[in-house]
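Below is one structure, written out as structure tokens; comments come after it.
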Amino acid sequence: TQMRSIVQNMPKAELHIHIEGSLEPELIFALAQRNGVKLAYQSVEELRAAYAFTNLQSFLDIYYAGASVLLKEQDFYDMTMAYLQRAKADHVRHAEIFFDPQTHTARGVPMADVINGIHRAATEGPISAKLILCFLRHLSEEDALATLEAALPFREQFIGVGLDSSEVGHPPEKFARVFARARDLGLHLVAHAGEEGPPAYIETAVDLLKVERVDHGVRCLEDPALTRRLAALRMPLTVCPLSNTKLRVFDQMKDHNLLDLLDAGLVAMVNSDDPAYFGGYMNDNFVAVFDALPLGLAHAHQLARNSFEASFLPAQEKQKYL
Ligand code: HPA
Ligand code: ZN
């Protein structure tokens, strides 16, 4: 349809992409072979067949298993370059890429290899890209603090910090000190909140962590006062439609609240989250929501505009897209 080609071809920014979630089964097997890593699956088909998730944790278990093939700087480079090339095909002009160093340093991979590999691809790749270091919230704040200190020799290679992994039971306030430290270092701050967790987690991410964007945030609509406040703050929500249906945050795409978020005046936009696991990259997400929800041309433009407004691009760069 005409709407489809408009959303596919329009320039956009991607602000919620976990680079380890862009690792396709074919690349997982190729890297396993290259590095002599033994996988629990016999084939690409068998691995793909295991991608039947029932909630966030059922996905995270497989996502961390997939990441176990990443050992060398070149592996991180190859993964990131593959993503950037795929994103360019979807008319993504700028990407702010999450990475999970603890997933790798816990296996003995040096921090230098993780950051240098991803960053080298980000500078050589076909589109603009910046990095955001995420802390795993199922681990302790001490572990997060040590991770931030270990990353400081590479301070110029990432622009911010985030918070991901198992949400329920690990509220933002658990990481108040490490976010305060990151803030002192001049880093941008974001956190996953209100994906599976309650609206109260969105509130503490904003008030205690002082985040500049909320990742997911879709459960904010359960709290009308919070919704009004997020709209007044122009607090961006990095929404991930295919992720939300695959992880059963919403049963079906027609149940997704993206249109309600926009109608509430929220700065929401579309992102892919973990495209290799959730059935698609940016344009697959756009097509899925535009097929399922009564969204039109004005919504398409608003989503694209919101993606650039919410980005951490310098004001002058941002202006070109607004
Ligand atoms: N939520 C939490 N942690 C994650 C996600 C997510 O959607 N993707 C990768 N790690
Ligand atoms: Zn995410």
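Read the figures in this text as sums done on the coordinates, not as results from a lab. Worth saying up front: this structure is predicted, and the values here are computed from it rather than measured. Positions of Cβ are backbone-derived with ideal geometry, glycine not excepted, and every protein chain shown enters the neighbour counts.
A few comments on the model shown:
- Residues satisfying the stated conditions in the stretch 175-198, i.e. part of a loop (DSSP other than H, G, I, E, B) and either away from ligand 2 (no atom under 12 Å from the Cβ) or at positive phi (or both): 185, 186, 187, 194, 197, 198
- Residue count, the stretch 244-261 (criterion: more than 15 Å from ligand 1 (Cβ to nearest atom), within 30 Å of residue 27 (Cα to Cα) and in a helix (DSSP H, G or I)): 1
- Residue within the stretch 108-128 that is touching a strand residue (DSSP E or B) at 6+ places or on another chain (Cβ under 9 Å) and within 16 Å of ligand 1 (Cβ to nearest atom) present: yes
- Here residue 165 qualifies as in contact with a His (Cβ under 9 Å, 6 or more places away or on another chain) and surrounded by fewer than 22 Cβ atoms within 10 Å (Cβ to Cβ).
- Filtered by the rule that a residue be outside any loop (DSSP other than H, G, I, E, B), more than 16 Å from ligand 2 (Cβ to nearest atom) and not charged (D, E, K, R), the stretch 16-40 gives 25, 27, 28, 29, 30, 31, 32, 33, 35.
- The residues in the stretch 161-193 that are within 16 Å of ligand 1 (Cβ to nearest atom) and within 19 Å of the chain's Cα centre (by Cα) can be counted, and the count is 16.
- Unmet criterion (only one of (1) buried (at least 17 other Cβ atoms within 10 Å of the Cβ); (2) touching a helix residue (DSSP H, G or I) at 6+ places or on another chain (Cβ under 6 Å)) for residue 17: (2)
- Residues located in the stretch 262-315, provided they are more than 16 Å from ligand 1 (Cβ to nearest atom), outside any helix (DSSP H, G or I) and among the aliphatic types (A, V, I, L, M): 264, 266, 267, 293, 295, 310, 313
- Every pair of residues 6+ apart whose Cβ atoms lie under 6 Å, when the first sits in the stretch 226-249 and is in contact (Cβ under 8 Å) with a residue 60 or more places away in the chain and of a type in the set (Phe, Trp, Tyr) while the second is assigned to a helix (DSSP H, G or I) and crowded, with 20+ Cβ neighbours inside 10 Å: none
- For the stretch 101-133, the set of residues classified as in contact with an Asp or Glu (Cβ under 6 Å, 6 or more places away or on another chain) and among the charged types (D, E, K, R) consists of 113, 130, listed by residue number.
To keep it simple, each residue is scored yes or no on (1) surrounded by 22 or more Cβ atoms within 10 Å (Cβ to Cβ); (2) free of Cβ contacts under 8 Å to residues at least 40 places away in the same chain.
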residue	(1), (2)
64	no, yes
83	yes, no
106	no, yes
119	yes, yes
138	no, yes
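- Scanning the stretch 223-265 for residues that are touching an Asp or Glu at 6+ places or on another chain (Cβ under 9 Å), aliphatic (A, V, I, L, M) and either more than 16 Å from ligand 2 (Cβ to nearest atom) or within 14 Å of residue 293 (Cα to Cα) (or both) gives 226, 235, 242, 253.
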